[in-house]
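Visitor: Would you mind keeping the following structure in view while I ask a few things?
The values are calculated or read from the model by the stated rules, or taken from the named source; none is laboratory data. These numbers come from a predicted model, not from an experiment. Cβ placement follows ideal geometry from the backbone for every residue including glycine, while neighbour counts extend to all protein chains displayed. Areas reflect the complete protein model, heavy atoms only, side chains present, ligands, DNA and RNA absent. Shrake-Rupley method; radii C 1.70, N 1.55, O 1.52, S 1.80 Å.
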Amino acid sequence: MKHAVYLWGALILSMVLIVALFLRVVRLDSQVQSLNQPNTGGLVALQDSLKRTQSDLASIKELAPGLGEYMTTIQLHAGKLWFAAKANNWQLAQYELDELKETMEAAKGLNAEKNGIKISNVLDSVLQTQVVELDKSIKSKKQTDFQKSYDETLSACNGCHTEAGYKFIHIVRPSAPPVTNQQW
């Protein structure tokens, strides 16, 4: 009899364990099924975030300077470079040349194309040729070398303007300082 009570107890305990395991399997199956369902709430949030980012990027692009602004800045540095070299202020001339190079590099980043001319390629070519010669002439501190390389740089710029359909933009040696509040 004692043995039968143990047997019934073991049977009841086994049944409880089987029911508990069955419930656990059902719960796990439900969790697995929910993982297989698309998470539309997260997807919608991700799509909204992407739209906001695209809108922000478009706004930033509108605020960024265009090719014309970069070219005007290049012209300003070229004018200041001319007057610094004419005054034999070679340190200022080097500084202005470095600023000119920096602006040209930034303009290259626009990847602009005008009338089939890839402006970035032209800027890169000028940087590797005429601007290198300008740099050498500043380091040599020779007025004749500087004037020659400066004129060649202007010629390259004007050639690009012509090829890109902007022949009316013709840059020459400056006759007056671009700013009046700087000591040359």
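Visitor: Just name the residue that is nearest to the chain's Cα centre (by Cα) out of those in the stretch 121-140 that are surrounded by fewer than 16 Cβ atoms within 10 Å (Cβ to Cβ) and of a type in the set (S, T, N, Q).
Guide: Filtering the stretch 121-140 for residues that are surrounded by fewer than 16 Cβ atoms within 10 Å (Cβ to Cβ) and of a type in the set (S, T, N, Q), the one nearest to the chain's Cα centre (by Cα) comes out as ASN121.
Visitor: Only residues that are open to solvent by 80 Å² or more (accessible area, probe 1.4 Å) and either aliphatic (A, V, I, L, M) or under 15 Å from VAL126 (Cα atoms) (or both): list them for the stretch 156-184, please.
Guide: GLU163, VAL172
Visitor: Another question, then. Are any residues in the stretch 80-129 among the β-branched types (Val, Ile, Thr) and either in a helix (DSSP H, G or I) or within 18 Å of LYS148 (Cβ to Cβ) (or both), and if so, which ones?
Guide: If we filter the stretch 80-129 for residues that are among the β-branched types (Val, Ile, Thr), which is where we start, we get 103, 117, 119, 122, 126, 129.
The answer is THR103, ILE119, VAL122, VAL126, THR129.
Visitor: Another question, if that's okay. Would you mind telling me which numbered condition in (1) touching a residue at least 12 places away in the same chain (Cβ under 8 Å); (2) over 18 Å from the mean Cα position of the chain (by Cα); (3) open to solvent by 40 Å² or more (accessible area, probe 1.4 Å) GLU105 fails?
Guide: With respect to (1) touching a residue at least 12 places away in the same chain (Cβ under 8 Å); (2) over 18 Å from the mean Cα position of the chain (by Cα); (3) open to solvent by 40 Å² or more (accessible area, probe 1.4 Å), GLU105 is out only on (2).
Visitor: Kindly evaluate TYR70 against the criterion of being touching a Ser or Thr at 6+ places or on another chain (Cβ under 8 Å) and part of a helix (DSSP H, G or I). Spell out how you get there, then give the answer.
Guide: Values: touching a Ser or Thr at 6+ places or on another chain (Cβ under 8 Å): yes; part of a helix (DSSP H, G or I): yes.
Judged against the criteria, TYR70 is a match.
Visitor: Let me ask something additional. Could you check the stretch 82-99 and list, in sequence order, the residues that are without any contact (Cβ under 8 Å) to a residue 60 or more places away in the chain, of a type outside the set (Phe, Trp, Tyr) and open to solvent by 10 Å² or more (accessible area, probe 1.4 Å)? Give the steps one after another, and end with the answer.
Guide: So in the stretch 82-99, the residues without any contact (Cβ under 8 Å) to a residue 60 or more places away in the chain come out as 88, 90-91, 93-99.
If we keep only those that are of a type outside the set (Phe, Trp, Tyr) too, we end up with 88, 91, 93-94, 96-99.
Answer for the stretch 82-99, where residues must be without any contact (Cβ under 8 Å) to a residue 60 or more places away in the chain, of a type outside the set (Phe, Trp, Tyr) and open to solvent by 10 Å² or more (accessible area, probe 1.4 Å): ASN88, GLN91, GLN94, ASP98, GLU99.
Visitor: Checking GLN143 against (1) closer than 14 Å to LYS101 by Cα; (2) over 30 Å from the mean Cα position of the chain (by Cα): exactly one of these is not met. Which one?
Guide: Single failed check for GLN143: (1).
Visitor: In the set THR153, THR73, THR129, THR40, which member is among the polar types (S, T, N, Q) and at pLDDT below 90?
Guide: Numbers: THR153 fails: at pLDDT below 90; THR73 fails: at pLDDT below 90; THR129 fails: at pLDDT below 90.
The match here is THR40.
Visitor: A follow-up question, please. Looking at (1) of a type outside the set (Ser, Thr, Tyr); (2) more than 19 Å from GLY68 (Cβ to Cβ); (3) in contact (Cβ under 8 Å) with a residue 40 or more places away in the chain, which one does ASP145 not meet, given that it meets all the others?
Guide: (3)
Visitor: Let me ask another. Hey, can you tell me all the residues within the stretch 108-119 that are free of Cβ contacts under 8 Å to residues at least 24 places away in the same chain and surrounded by 16 or more Cβ atoms within 10 Å (Cβ to Cβ)?
Guide: LYS108, the sole residue that qualifies.
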